[in-house]
1. How about A:K376: which lysines have a C-alpha closer than 18 Å to its C-alpha, ignoring those fewer than 8 places off in the same chain?
2. Which pairs in the list A:K82/B:K76; B:K115/B:K164; A:K412/A:K444; A:K262/A:K616 are over 29 Å apart, alpha-carbon to alpha-carbon?
3. How high is the relative contact order of chain A, in percent, with contacts defined as C-alpha pairs under 8 Å that are six or more residues apart?
4. Any idea what the alpha-carbon Rg over 2.2 N^0.38 Å comes to for the stretch A:466-621?
5. At 25 °C and a viscosity of 0.890 mPa s, what translational diffusion coefficient does Stokes-Einstein give for the stretch B:158-255, taking Rh as the Kirkwood radius over Cα pairs? Give it in µm²/s as a whole number.
6. At q = 0.20 Å⁻¹, what log₁₀ I(q)/I(0) does a Debye calculation on the Cα points of the stretch A:227-285 give, no solvent, two decimals?
7. Could you tell me how far the Cα centroid of the stretch A:565-603 sits from the Cα centroid of the stretch B:159-237, in Å?
8. Can you pick out the pairs among A:K86/A:K263; A:K289/A:K542; A:K289/B:K140 whose Cα atoms lie more than 30 Å from each other?
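What follows is calculated from the coordinates using simple rules that are stated; it is not laboratory data. Bear in mind that the values here come from a model prediction, so they are computed numbers and not experimental data. Ideal geometry is used to build each Cβ from the backbone, glycine not excepted, and the neighbour counts take in all protein chains shown.
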Amino acid sequence: MTLFSLARKNIQRNLSNYFLYIASMVFSIVIYFTFVTLKYNEDISSVTGMSKQIKGLMSASSVVLLFFIIIFIAYSNSFFMKKRKKEVALYSLLGVRKQKIGLMLFFENLVIGLISLVLGIVIGFFMSKVLLTILVRLMGYEVVANLPFSSEAVLNTAGIFALLFLFTSLQGYRVIYQFKLIDLFHAEKQGEKIPRASFVAAILGTALIAFGYYTAAADIFTSSIWRLFTIIGTPLMVIGVTIAGTYLLFHSVSVFVLTALKKATSWSWKGLNLIGVSQLLYRIRANAKSLSIIAILSATTITAGGGVFGMYYNTEASVRQMLPNTFMWKGEPVEFSQENVLYNESLTAKSLRVDNEFAFFEYTLLKESDYNRLAKLQGKDRELQIADGSTILLDASYDERFSHDFTGEKFKLQNGDSFHVDEMYTDSVLNFIAAGTVLVVNDKEFAAANADDVKLQVVGMDNDLKQLNVSKEIYQQLSSDHQEGFSSVPQSYKDSIATVGSLLFVGSFLGLVFLASTGSIIYFKILTEAEEDQAKYAILNKIGVNSKQILKTVAGQVAVIFGAPLVVGIVHSSFALIAFSKLFNMNMTKPVILWMVAYSAIYGLYYIFTVRSFYKIVRQGAK
Amino acid sequence: MTSLLKVQNVGKMYGKGANTFTALSNITFQVDKGEFVGVMGPSGAGKSTLLNVLATIDTPTTGDIVIGDVNLARMKDAELADFRRDNLGFIFQDYNLLDSLTVRENIVLPLAIAKVPTKEINERVDRIAALFGIGDLLDKYPYQISGGQKQRTASSRALVTEPKLIFADEPTGALDSKSATDLLESLSDLNQSQASTIMMVTHDAFAASFCQRILFIQDGQLSKEIHRGTQTRKQFFQEILQVLSSIGGGVNDVI
């Protein structure tokens, strides 16, 4: 029997063992290949006029993705090798030379790599079609792009994974040479010590996280911490502090809590609680690094996904906040198709410029009667009655952190006029683009004001997001200097959604990959431990623990290992998103919660899957 | 004396069709309450199979096993686990302690599973630990104590629930002679002072000499039964050796 046929038969016979490994390899290849295909695809870039930033984003993301895939493959490879140590030991015991065993494993890895690569690319090709359709939808286009087979993507993927597989195969060689036959006969590691809780580390961990949270939740513009570390340094500092704190949390705080639980004998000496707590205590410190990594990755995924989804969700609202009219432009009215038009008004306003020591601002002076007319057309039920010498300010870009609140003050104009500001509203009746901040005065004051007249055309349409053709029709008829001041809800919406949509796609895509990989990492880890614990559960079965109780304690232990990093990740990201939503002044509660629920649901599937496999392994041990 | 354990025509077959292998056939005996019974026989005779079947870890192919007034052959898996918890205690050759638990917690475990109140648990653990002389070791972990101490811990765990029947599978198999003697003396004392019923599988004639009665099995069948009666332990030991040499095999294990 040649070595090659031995390796081939090995794979054939142990297919179930190999299945998980091959599946995770294929998964990595599919993900990477799809991403690269989208990157190289000419269609999307030409159809959507994909911006440079997004191309850059895709490139950067593929690097992150690759980095992640390397970690993932290394993890599954070491899991796989551990499973096969006994087999290797047997060959060695029978007198096969290490060199030969190494060569065999090398071949084996190569065969697995080749199979995975072919499978991955084929599946990836179809996957990329599906994903491309989703991307195009998210970006708000209605074209269906056809996807040619990209040889560039195939070459890129094949090259990179060939390198990776070469590396893992060599890793296999290394394992063989480090392996000592005596390891086989050592039943298991004797006497791992139960960790002791370090009080100082536990306090430090809690303090670090608390400080990180406090800083993230602080007001960026008034907090002295933010001033001290600057706007770029502070987030980095917060991330660093939180990562360190997370590690200490899993390393010490967890041990602290579990020890306390174990000592509370009225709880722990009931049923299998003692087993659950001891097992967790026994494992958690060794797993502190993995758990922290998973918590941080979850936090990153949830934050990035939640942030982008929040922006996507708010796109329409923020467009509408700035542009209350479907179209607005300066100058003369133009002819356009009148279908779906709700109102089409011409009005005269006055344009003002206000200079102060920092910059100059455009202001628009609006008649009270025009305001009331537009407000009614736009469905606002506010009617203004303004006294002489007074004004009401409409500022859609008002932000309490940087804008000055003029209410109750005198508002001086360059021409020498000044008005008393009675009230300020953050919703305008004129589009912010071109009009800027609006001062509403009564008709008498308006006539008396010394400023240049501006003719404004405002149009409101039904189903305004779909009126892109009308938008183009009007735009083309405007003179070039008026084109600049043309504002259009459908056009702005389309521009924002294209950017935010592709961000959302990249974000969810990476999020999904992170999620799948973190889930698989915990899965591999827990199952390795389950195999080590088989004997323990067999003992429990012998001393009279029934299978229902075993399932319960297994489910509980796995829930802690899965749940702890998820909860920490969610709390971390909540604080990050609070800071994010403050920075962009958006209300993101609903999209963020949706995102978190989706994330937790997929994560939950992994949990169920893991508990099932764990239980199966443990039951096998009892037979 | 009332019989605690009744074994009736128990047989155990492995495999199917033409390839069946009979591990036990037609075994019938009784154990009375408060007895210390040994099971001996050469390797492969079916000692461990018998113990596993009696201990409900394995199920017999034929026959009935009645412990107290419960027929084990009629029970389902989950019921069996509960039955083990409430009625049986086990001592294994390789201790089977959980190394993530302290000595105390190992002993606590069966009581915790049986949902005994914490206060009572403490009392019972202290009492049994004193009996086996491991009172000072309660807060140590299994890897910190010797083999003999581990086996005492395992025995404490088996006995702390005051089971109706204690099964010991080669309890001295991994112990040096001093620890083995100590353990056997403890078991023997316990049997006498508390009238615990113990059934011990061993191939070691010295260990067996602590019993009151010994069942010999050979090729899956009961071949002989001897009683200690009024003999001293030394005399009984001699008798056991004679039986073993007449049966053949097993003697090698003694010498």
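1. Leaving aside lysines fewer than 8 places away in the same chain, those within reach of A:K376 are A:K367.
2. Numbers: A:K82/B:K76 37 Å; B:K115/B:K164 18 Å; A:K412/A:K444 18 Å; A:K262/A:K616 27 Å.
Result: A:K82/B:K76 exceed 29 Å.
3. For chain A, the relative contact order is 18 percent.
4. On the way: Rg = 25.7 Å, N = 156, 2.2 N^0.38 = 15.0 Å.
My calculation over the Cα atoms of the stretch A:466-621 gives 1.71.
5. The calculation lands on 173 µm²/s.
6. Each listed q maps to, in turn, -0.73.
7. One Cα centre to the other: 65 Å.
8. On the way: A:K86/A:K263 38 Å; A:K289/A:K542 34 Å; A:K289/B:K140 28 Å.
Violating the 30 Å limit, Cα to Cα: A:K86/A:K263; A:K289/A:K542.
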